[in-house]
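Below is one structure, written out as structure tokens; comments come after it.
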Amino acid sequence: ARAWANLLVGDPATSPLLESLLSGARFRALIRLRIALTGAAVSGPGQRWQTRTLEEGEVLAIPPSPTGVWTYLACEGGFEAPRWFG
């Protein structure tokens, strides 16, 4: 699921992304960007396992998952982050 999120937005499978564990999360887009949400079965707006575009200022709410554990959020161009574990 992690690799697929990155591949859906055109990034290498090993690019940094955000993981959400059980509790869900909320994010506000600072710029217009293309994202993909994969992993645990979540409900709410938007498509899972597909790309979608967030407009500047739009809020993405990932509710707690009723099933599954990890949810992955990738954005086109990736996130700037230090590399861990190679």
Give the residue that is farthest from GLY78 (Cα to Cα), with candidates limited to residues of segment 49-64 that are modelled with pLDDT under 90 and open to solvent by 80 Å² or more (accessible area, probe 1.4 Å).
PRO64
Could we say that GLU80 is of a type in the set (Asp, Glu), under 10 Å from the mean Cα position of the chain (by Cα) and open to solvent by 40 Å² or more (accessible area, probe 1.4 Å) here?
no
Can you spot a residue in segment 8-26 that is in contact with a Gly (Cβ under 7 Å, 6 or more places away or on another chain) and without any contact (Cβ under 8 Å) to a residue 60 or more places away in the chain?
no
Could you tell me which residue of segment 27-48 is surrounded by the fewest Cβ atoms within 10 Å (Cβ to Cβ), considering only residues that are under 20 Å from GLY10 (Cβ atoms) and at pLDDT below 85?
GLN47
Quick one: which residue in GLY10, GLY68, GLY78 is in a loop (DSSP other than H, G, I, E, B), at positive phi and modelled with pLDDT of 90 or more?
GLY10
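The values are calculated or read from the model by the stated rules, or taken from the named source; none is laboratory data. Just so it is clear, the model here is predicted, and its values are computed rather than measured. Heads up, the Cβs are rebuilt from the backbone with ideal geometry, glycines too, and the neighbour counts pull from every protein chain shown. The area values use the complete protein model at the heavy-atom level, side chains included, leaving out ligands, DNA and RNA. Shrake-Rupley method; radii C 1.70, N 1.55, O 1.52, S 1.80 Å.
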